[in-house]
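All remarks here apply to the structure that follows.
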């Protein structure tokens, strides 16, 4: 961590039972409360690391906690829920469930408008945005898609190719 550095988000993707796994994750996160963002009674006390629970996310368990060391990863269906960003700092969804464009040729205007509307709605509510299942094979299609995500203001670009993304962001 660097003083005056950029935000660091730790996305914890629960693949097993949500409530029991989250209990173990919560116990582990408490050990790092000195560097962690704390969500307390609707307030957010920013730390060097903001943890967000994805995958099998036990919303009721997170909602019931007066003090949390992790936020909830919502879905696009949660955009109009009124959930505060202090509970749901991130909204993520499967790109292929929302869009048909895969980076080949120009992005259809209707889909571009939809993407910008999603980001604007999310940002207005204080949420950050991420899509998974985006094309990740190196090449022009992936770079075109990353370009549209970036232009729309999507906060996190999902990839397994960190060097490729680094090259893209530097250019």
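Quick note: the coordinates plus some simple rules give every number you see, no bench work behind them. Because the structure is predicted, anything quoted here is derived from the model rather than measured. Positions of Cβ are backbone-derived with ideal geometry, glycine not excepted, and every protein chain shown enters the neighbour counts.
Brief remarks follow.
- The chain pair-distance distribution - Cα-Cα, 5 Å bins, rounded %: 1, 8, 16, 19, 19, 16, 11, 7, 2, 0
- Distance between the 7 Å Cα→Cβ label points at residue 112 and residue 60: 4.5 nm.
- Among 78, 161, a tally of other beta-carbon atoms within 10 Å of each Cβ gives an order, fewest to most, of 161, 78.
- Cα-based Rg of the stretch 82-157 normalised by 2.2 N^0.38 Å, two decimals: 1.10
- Pairs of alpha carbons in the stretch 1-73 whose separation is greater than 21 Å (percent): 21 percent
- Take every Cα pair under 8 Å whose residues are at least 6 apart in sequence, average their separation, divide by the length of the chain, and the relative contact order is 16 percent.
- At 1.306 mPa s and 10 °C, Stokes D of the stretch 30-115 from Kirkwood alpha-carbon radius, µm² per second: 108 µm²/s
- When 119, 91 are arranged by Cβ crowding within 10 Å, least crowded first, meaning fewest neighbours, the order is 119, 91.
- Inter-site label distance for residue 46 and residue 16 at 7 Å from Cα along Cβ, in nm: 3.5 nm
- Top of 52, 129, 98 by mean-square fluctuation, Gaussian network on the chain, Cα under 10 Å: 98
- The long axis of helix 18-30 is offset from the longest Cα principal axis of the chain by roughly 70 degrees.
- When only Cα pairs below 8 angstrom with a gap of at least 6 residues are kept, the stretch 1-73 shows a relative contact order of 38 percent.
- Counting only DSSP H runs of at least 4 residues, each contributing -39500 (n - 2.57), and dividing by the residue count of the chain, the helix-based mean residue ellipticity at 222 nm comes to -10500 deg cm²/dmol.
- Remark: 7, 26 ranked as 7, 26, counting other beta-carbon atoms within 10 Å and listing the fewest first.
- Once both labels are positioned 7 Å from their Cα atoms along Cα-to-Cβ, the gap between residue 120 and residue 156 label points is 2.5 nm.
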